[in-house]
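Colleague: First, the structure itself, so that you have it in front of you.
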Amino acid sequence: VDGAIAKTLHQTREDADWSNLTLSLPYGTHKLHFVASAGTGAAITSESITWDKVRDTFSRSLTINVSAETHKAMPVTLPRVATRLYLTIKDPIPDDATSVRVTIQNGCKSIGILEPSEYVTTVSNFSVLPEDIGKTNIRYTIWLIAPESEEWQTDINVAVMNGDNIIYDRDIHNVLLLRNRTTSISGFIQQLQSEPNIGIDSDWLPEISDNF
């Protein structure tokens with residue numbers, strides 16, 4: 001509220017919705033910024049919220065005037081500000097693989113309270129499960145914050161790792177991401193002769209999907 005953290009609520013499994021927030025504000029005009037997120041490892045300041053691991057996230061800013069006639073109860077609907085990327089690796093996961101690293105050149109894991117967040121390089125690491133060794137079409141999910149409502153483009157590097165060493169990797173260019181949409185990409189990491197396939201899926205907005 002007005003550039004200061006007013007309250008933080010933690011939703012439980014028993015809550016029917018995000019929760020009810022109660023604030024006491026003096027008369028006058030106030031800028032409110034609401035953020036609701038399933039992300040983990042949040043670092044909260046008066047200027048931004050940054051997550052170690054982004055999950056579905058909703059946010060809204062509004063300005064209200066508090067007076068004697070102001071309603072005591074005010075419902076607020078928060079639009080989704082997250083985007084979701086599905087990555088499917090068609091190669092068999094090698095025996096010596098320990099993790100999959102996904103580097104997104106223009107990613108974002110934060111919401112700016114006073115100013116929009118900037119695009120930065122983000123890295124997501126996924127442990128390879130014993131039951132995934134030798135399997136194909138393993139899908140990984142990456143959530144990001146979309147700082148703006150416009151669609152944007154990014155390059156992605158996917159690396160299959162053994163410890164700190166790259167077993168093989170591949171660059172995927174010009175992947176389109178958009179707030180409130182799922183982008184699905186799938187293809188081979190080793191077999192570079194295959195054509196990219198990128199598309200859009202969504203229970204939210206129409207999904208895109210493509211092969212690489």
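Colleague: Note down the magnitude of the dipole of the stretch 37-150 about its Cα centre, charges +1 on Lys and Arg C-beta and -1 on Asp and Glu C-beta and zero elsewhere, to the nearest 20 debye. Mind dumping the intermediate values first?
Modeller: Details: 11 positive and 13 negative charges, 63 e Å.
Magnitude of the dipole: close to 300 debye.
Colleague: By how many nm would the segment from Asn65 to Thr45 grow when fully extended, if each residue of separation counts as 0.36 nm and the alpha-carbon distance is taken off?
Modeller: Numbers: separation 20, 0.36 × 20 = 7.20 nm, distance 2.43 nm.
Contour length minus Cα-Cα distance gives 4.8 nm.
Colleague: To the nearest Å, what is the center-to-center distance of the stretch 95-116 and the stretch 172-186, using C-alpha atoms only?
Modeller: When both Cα centres are located, 13 Å separates them.
Colleague: Order the following by accessible area, largest value first: Glu148, Glu115. Probe radius 1.4 Å; ligands, DNA and RNA are ignored.
Modeller: In descending accessible area the options line up as Glu115, Glu148.
Colleague: Taking R0 as 30 Å, what's the FRET efficiency between Tyr168 and Ala38 from their Cβ-Cβ distance, rounded to 0.05? Working shown, then result.
Modeller: Values: r = 33 Å, r/R0 = 1.08.
Calculated transfer efficiency: 0.40.
Colleague: Under a crude label model (7 Å from the Cα following the beta-carbon direction), how far is Gln105 from Ser127 in nanometres?
Modeller: Going from the Gln105 label point to the Ser127 one covers 3.2 nm.
Colleague: Another question, then. So how far apart, in nm, are the two label points at Tyr27 and Thr77 if each is 7 Å from Cα heading toward Cβ?
Modeller: Simple spin-label model gives 3.2 nm for this pair.
The values are calculated or read from the model by the stated rules, or taken from the named source; none is laboratory data. What you see is a predicted model, and the numbers here were worked out from it, not measured in a lab. Positions of Cβ are generated from backbone atoms using ideal geometry, with glycine treated the same way; all protein chains shown enter the neighbour counts. SASA here: full protein model, heavy atoms, side chains in, ligands and nucleic acids out. Shrake-Rupley method; radii C 1.70, N 1.55, O 1.52, S 1.80 Å.
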